[in-house]
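The values are calculated or read from the model by the stated rules, or taken from the named source; none is laboratory data. Note that this is a predicted model, so its numbers are computed, not measured. Here the Cβ is made from the backbone with ideal geometry for all residues, glycine too, and neighbour counts use every protein chain on show.
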Amino acid sequence: MERRIKEAVRYLGYGRNAADERTLTLIEDAFAELERTAAPKSVCRIFDLDQTEDGRIIIGNMEIRSRSLSRNLKGCTKTVLFGATLGPGVDQLIRRMSLTDMAKAVIHQACAAALLEEYCDEEQLKIGAELEEQELYMRPRFSPGYGDFDIQYQEPLMRMLDCAKTIGLTMTDSCMMTPTKSVTALIGASPIKERCPIAGCEACEKKDCEYRR
Amino acid sequence: MLRERLGKELLYFDGGMGTLLQENGLAPGELPETWNVEHPEVIREIHRRYIEAGSDIILTNTFGANALKFHDESCSLKEIVESAVGHVKAAVREAGAGRQIYTALDVGPTGKLLKPMGDLDFETAYEAFREVMVMGEQAGADLIHIETMSDTYELKAAVLAAKENTSLPVFATAIFDERRKLLTGADVPSVAALLECLRVDALGINCGMGPEQMLPVLDEMLRYSSLPVIVKPNAGLPQQRDGRTCYDVVPEEFARLMKQITEMGASVIGGCCGTTPEHIHAMKELCRGLDPLPVVEKEYTVVSSYGKSVFLGNGAEDSFGSKIIGERINPTGKKRFKQALKEHDLDYILREAITQQDSGAHILDVNVGLPDVDEPALMEEIVQELQSVVNLPLQIDTVDTEAMERALRIYNGKAMVNSVSGKQESMDSVFPLIRKYGGVVIGLTLDEEGIPADADGRIRIAEKIINEAGKYGIRKKDIVIDALAMTISSEPEGAKVTLETLRRLRDEVKVNTVLGVSNISFGLPSRPVINSAFYTMAMMNGLSAGIINPSSEDMMKAWYAYHALMDLDSNCERYISRYSAVSAGTAGTPALGPGTNTPEMGLSAAIEKGLKDDAHTITLRLTEEKAPLDIINEELIPALNRVGDGFEKGTVFLPQLLMSAEAAKSAFAVLKEKMDKSGEVQEKKGTIVIATVKGDIHDIGKNIVKVLLENYSFDVIDLGKDVPPEKIVDTVLERQVPLVGLSALMTTTVVSMEETIRQLREKAPGCLVMVGGAVLNQEYADMIGADFYGRDAMQSVHYAQKVFENKE
């Protein structure tokens, strides 16, 4: 089964159970419709990374304190700021479905999340390939809100990427991204190639999460 | 002066500012506007270099200077704007160019997304723009240049702010991508239509792409714009090099392409990101002596929404044939719709809109006039809500000019307006609104004397309306004449007069036409028979748009057949795709998805399997032999319980639970209609207010809870998302509600959940609160003082049942 479908099934709360045929058909339809509706866009910028003895992470004018991010960036000399969005059409589609069919709405919601992850992975691969030319190797992306990396960093991160202008990604006063199907992240780049970097669920400390892989 | 030169001679803008500031040490994320105060010499020097390079219009360094984007404690917005305008003026003096140089107040976007997609109110955006524009005019700016906009709604807020609060010329440009769309989805004709109808002085394209990639966008812009066109490309597409953003198009190449752009028809040219004084100099050298092509008035009749433009009459490639205006959002003669308006059941109204779009409507008429509702407020609210679920242009249908103005103001696009008549009073009140906000207005062929009985009379009124509109600068292309259909049951010649009027309006007056088609059969039996035949005849006589019910299969058959017959449907493609699945003998309703209806399947099985269409048809059949309440108690509720149990045991999953809920909903709808007819009422178990808290825009979890609660016969008042605590408290008090359900997604919004609970405790102490959402758990819920934490939607149902059982 395609990875994106597996991921959508997981987001829908099936855990390790198999999804039924009708749901699988609806998932496939949802991906087809989302492919038509989504207008994915991404932006990235590479910065030198400075990590001080007392645990501050310095990227350009931005200074961050976060132990989980420090762990993620250990040994890195550069960092990529990354932003991506599926665009506002997807939000409209889900809103519209919430009015006519909630089952389809939640399926579209899950599929959109899976599509966004897939898109980010693809974009990240491209960035990774460029970095490897400079003999730098990427760590898994790390977003504001993960671990103790405060969600408030969303604001300077998006400002440094000029996200509103470049990809139409903005945030609300409470740091929620609009369009909602969007990602911002930091990606560390290190001269040391680590085997099989831990990513996603496996890196998360919330072990009792029902969506854990 | 500038207005006189515009479009008659080639005018040169300056180039990039940000790129040059970065060269001077501006850090990523640093606010460039602070440099007006901190490094004034750098800013003046850049302006001076552009003047020397040949720029006629210099942009102030105020791109991000608005209260929503610019937050800096060391200097105020006013200081920034005043110093920025001052720097251009000083540079003009220093350069001593010997020609007129204009200072353009540069106005960029707020960096926030407007509602309904984001959290910014239209009027808040307007206010932020107004503030800097007034400062800019006072400081001595010669024009306002609104640029790099990627949302038509924000563009409209900015242009209105400029037009209403300053007397300066207004330029406006937007940022398109390679799909020739804005980031929020608008196409080129809809942007052109919007800016033109708001009466800017020049419009165009900037940023996003290099000159080469802009050519297709420009080509389209020139095809639709009746105003001078501005082009300000980047120096190519941005490239990342050594952690820096670079642009690759060199001055000579840039100049060559800008000359081509001028020859295509642009009349105000300059550069955006990555362009330098060298680019501008090379461009001016190469374009010297060129005269811009004359700006030609285009004759398209176009209405638009935030993401779509719809053409009426002949003109654009897709415009041939007749457009469908959906008539269903209108309480006239519709009991259920009236009830929805009175109960403020917006979901019902929104679903009507979605159904019409899915049935093939191109434009939706919106009428919410009822004697006992606050029409202006409701109209404004419904237009905003509609804009969040359908991307079709709307037709504002009201006789209340306040409702009309409020709707036109917050409408995201160029609306259709229904209507003005030949009465002087009507024209005096409607035309000023069309002049100000733009729009395509329907002119009814009636006046103080009533409705003329013959075509001559109606044509005369049409001409009167067109002439009077001309006095306001409203052009014929923005008027659509309603030839008026009078029922043939009382006016035997009614149809003949209407058809003659249509034909003559098309051939003699050369104006677009519209008709409320179904009026023709009023008072007759089997109205669709007459309506659909008349509809075909009307289209044959030039009807540009029919106001019809797109869910009526008879009308749609007429529409599809007419377009196929008249060679308005290339290779009969639309016809074939709609009707090929229907067998010849039963050319009735087209296939609407799989019907798995087996005769032996019972209602509870259909619900458990989540078969929505089957649940509907089986219920219809069941009601012939069984009382609705028995069906609910014997079939519906047990089936829902079994599915709910399965969900809690982990054998049924969320999508299946919701498919069953939707199937039950479609069965309930049948039963409700039946019960309404017989006057029977199903006891509601109780009323619950649900809301996603202030600051939070993720409401899918709340919507899931809503569907399930409704299944279990609770009366749910859904206040939506981003709901202020006060509104929740007020609703609870006003409706005497004993239970509130709140959802929040993130830690940043749990704060407002806590605040909501605090206010509820204070003002409505008896009311219980259940909470849910991704970030919550029992501990967190206890901490903020909730009465119950629902891990999933079924748990909220159980809790609600418990609460209301205890009440009884």
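Out of all the residues in the stretch B:90-109, which are of a type outside the set (A, V, I, L, M), more than 14 Å from chain A (Cβ to nearest Cβ) and surrounded by 19 or more Cβ atoms within 10 Å (Cβ to Cβ)?
Within the stretch B:90-109, B:Tyr102, B:Thr103 qualify.
Within the stretch B:451-473, take every residue that is of a type outside the set (Phe, Trp, Tyr) and not in a helix (DSSP H, G or I) and give me the one that is surrounded by the most Cβ atoms within 10 Å (Cβ to Cβ). Show your work before the answer.
If we filter the stretch B:451-473 for residues that are of a type outside the set (Phe, Trp, Tyr), which is where we start, we get B:451-471, B:473.
When the remaining residues are screened for being not in a helix (DSSP H, G or I), the result is B:451-454, B:473.
Details: B:Ile451: 17, B:Pro452: 19, B:Ala453: 13, B:Asp454: 13, B:Gly473: 11.
Of everything passing the filter in the stretch B:451-473, B:Pro452 is surrounded by the most Cβ atoms within 10 Å (Cβ to Cβ).
Checking B:Ile474 against (1) in contact with a Leu (Cβ under 9 Å, 6 or more places away or on another chain); (2) within 30 Å of B:Cys197 (Cβ to Cβ); (3) not charged (D, E, K, R), which single condition isn't satisfied?
With respect to (1) in contact with a Leu (Cβ under 9 Å, 6 or more places away or on another chain); (2) within 30 Å of B:Cys197 (Cβ to Cβ); (3) not charged (D, E, K, R), B:Ile474 is out only on (1).
Taking the stated definitions as given, is B:Glu491 of a type in the set (D, E, K, R) and outside any helix (DSSP H, G or I)?
Yes.
Within the stretch B:1-18, which residues are among the charged types (D, E, K, R), out of contact with any helix residue (DSSP H, G or I) (no Cβ under 9 Å at 6 or more places or on another chain) and in contact (Cβ under 8 Å) with a residue 40 or more places away in the chain?
Across the stretch B:1-18, the qualifying residues are B:Arg3, B:Lys8, B:Glu9.
Does the stretch B:606-621 hold any residues that are surrounded by fewer than 21 Cβ atoms within 10 Å (Cβ to Cβ), over 36 Å from the mean Cα position of the chain (by Cα) and more than 14 Å from every other protein chain (Cβ to nearest Cβ), and which are they?
Within the stretch B:606-621, B:Leu620, B:Arg621 qualify.
Checking A:Leu131 against (1) over 30 Å from B:Asn206 (Cα atoms); (2) modelled with pLDDT of 95 or more; (3) not basic (Lys, Arg), only one condition comes out false. Which one?
Status for A:Leu131: all satisfied but (2).
When the residues of the stretch B:210-243 are filtered to those that are in contact (Cβ under 8 Å) with a residue 12 or more places away in the chain and within 12 Å of chain A (Cβ to nearest Cβ), which remaining residue is surrounded by the most Cβ atoms within 10 Å (Cβ to Cβ)?
Checked the stretch B:210-243; the qualifying residue surrounded by the most Cβ atoms within 10 Å (Cβ to Cβ) is B:Asn234.
Can you pull out the residues in the stretch B:162-185 that are among the hydrophobic types (A, V, I, L, M, F, W, C), part of a loop (DSSP other than H, G, I, E, B) and away from chain A (no Cβ under 11 Å)?
Selection gives B:Leu168, B:Phe176.
Can you name the condition, by its number, that B:Arg199 falls short on among (1) assigned to a loop (DSSP other than H, G, I, E, B); (2) within 14 Å of chain A (Cβ to nearest Cβ); (3) not aliphatic (A, V, I, L, M)?
Against the list (1) assigned to a loop (DSSP other than H, G, I, E, B); (2) within 14 Å of chain A (Cβ to nearest Cβ); (3) not aliphatic (A, V, I, L, M), B:Arg199 comes up short only on (2).
Kindly indicate whether B:Ile784 is more than 12 Å from chain A (Cβ to nearest Cβ), in contact (Cβ under 8 Å) with a residue 12 or more places away in the chain and more than 30 Å from the chain's Cα centre (by Cα).
In short, yes.
Quickly run through the stretch A:18-62 and pick out the residues that are free of Cβ contacts under 8 Å to residues at least 24 places away in the same chain, touching an Asp or Glu at 6+ places or on another chain (Cβ under 7 Å) and hydroxyl-bearing (Ser, Thr, Tyr).
Matches in the stretch A:18-62: none.
Restricting to the stretch B:141-161, and then to whatever is within 14 Å of chain A (Cβ to nearest Cβ) and charged (D, E, K, R), can you tell me which residue is nearest to B:Lys89 (Cα to Cα)?
Here the residue is B:Glu147.
Restricting attention to the stretch B:17-52, report how many residues are touching a Gly at 6+ places or on another chain (Cβ under 8 Å) and either assigned to a helix (DSSP H, G or I) or at pLDDT 95 or above (or both).
Residues meeting the conditions: 4.
If you go through the stretch B:630-646, how many residues are under 16 Å from A:Ala103 (Cβ atoms) and out of contact with any Ser or Thr (no Cβ under 9 Å at 6 or more places or on another chain)? First the steps, then the outcome.
Going through the stretch B:630-646, the residues under 16 Å from A:Ala103 (Cβ atoms) turn out to be B:639-640, B:643-644, B:646.
After this cut, where a residue has to be out of contact with any Ser or Thr (no Cβ under 9 Å at 6 or more places or on another chain) as well, the list is B:646.
Matching residues across the stretch B:630-646 total 1.
For the stretch B:1-20, which positions are aliphatic (A, V, I, L, M) and buried (at least 19 other Cβ atoms within 10 Å of the Cβ)?
Correct list: B:Leu6, B:Leu10, B:Leu11, B:Met17, B:Leu20.
Across the stretch A:163-193, what is the total count of residues that are surrounded by fewer than 19 Cβ atoms within 10 Å (Cβ to Cβ) and either among the β-branched types (Val, Ile, Thr) or more than 7 Å from chain B (Cβ to nearest Cβ) (or both)? Step through it out loud before you land on a result.
To start, the set of residues in the stretch A:163-193 that are surrounded by fewer than 19 Cβ atoms within 10 Å (Cβ to Cβ) comprises A:173, A:191-193.
So of that shortlist, the ones also either among the β-branched types (Val, Ile, Thr) or more than 7 Å from chain B (Cβ to nearest Cβ) (or both) come out as A:191-193.
The total comes to 3.
If B:Asp121 meets every condition in (1) charged (D, E, K, R); (2) within 14 Å of chain A (Cβ to nearest Cβ); (3) buried (at least 21 other Cβ atoms within 10 Å of the Cβ) apart from one, which number is that one?
All conditions pass for B:Asp121, except number (3).
Among the helices (runs of 4 or more DSSP H) contained in the stretch B:307-395, which hold 2 or more residues that are away from every other protein chain (no Cβ under 14 Å) and either at pLDDT 90 or above or closer than 26 Å to A:Thr178 by Cα (or both)?
Working: elements: B:335-342, B:346-359, B:375-389.
The helices (runs of 4 or more DSSP H) meeting that bar are B:335-342, B:375-389.
Looking at the structure I just gave you, is B:Lys414 closer than 24 Å to B:Arg506 by Cα, surrounded by fewer than 19 Cβ atoms within 10 Å (Cβ to Cβ) and touching a strand residue (DSSP E or B) at 6+ places or on another chain (Cβ under 9 Å)?
No.
So which pairs qualify, if the first residue must be in the stretch B:729-743 and surrounded by fewer than 24 Cβ atoms within 10 Å (Cβ to Cβ), the second must be polar (S, T, N, Q), the Cβ gap must be under 9 Å, and the two must be at least 6 apart or on different chains?
Between residues of the stretch B:729-743 that are surrounded by fewer than 24 Cβ atoms within 10 Å (Cβ to Cβ) and residues that are polar (S, T, N, Q), the close pairs are B:Val729/B:Thr756; B:Val729/B:Gln759; B:Arg735/B:Thr687; B:Gln736/B:Thr687; B:Val737/B:Thr687; B:Val737/B:Thr731; B:Pro738/B:Thr687.
Given the conditions (1) more than 29 Å from B:Val750 (Cβ to Cβ); (2) away from chain A (no Cβ under 14 Å), and given that B:Lys649 satisfies all but one, which numbered condition is not satisfied?
Of (1) more than 29 Å from B:Val750 (Cβ to Cβ); (2) away from chain A (no Cβ under 14 Å), only one is false for B:Lys649: (2).
Considering each of B:Lys685, B:Lys702, B:Lys727 in turn, give the residue that is part of a loop (DSSP other than H, G, I, E, B) and either within 25 Å of B:Pro765 (Cβ to Cβ) or aliphatic (A, V, I, L, M) (or both).
Only one candidate passes the filter, namely B:Lys685.
Working only within the stretch B:652-684, note down all residues that are hydrophobic (A, V, I, L, M, F, W, C), free of Cβ contacts under 8 Å to residues at least 12 places away in the same chain and at the interface with chain A (Cβ under 10 Å from one of its Cβ atoms).
B:Val652, B:Phe653
Mind listing just one residue for me: the one in the stretch B:434-450 that is in a helix (DSSP H, G or I) and buried (at least 21 other Cβ atoms within 10 Å of the Cβ) and, of those, nearest to the chain's Cα centre (by Cα)?
Narrowing the stretch B:434-450 to residues in a helix (DSSP H, G or I): B:434-437.
Keeping just the survivors that are buried (at least 21 other Cβ atoms within 10 Å of the Cβ) gives B:434, B:437.
Values: B:Ile434: 18, B:Tyr437: 15 Å.
It comes out as B:Tyr437.
Looking at B:Lys284, is it part of a helix (DSSP H, G or I), among the basic types (Lys, Arg) and either modelled with pLDDT of 95 or more or under 24 Å from B:Met209 (Cα atoms) (or both)?
Yes.
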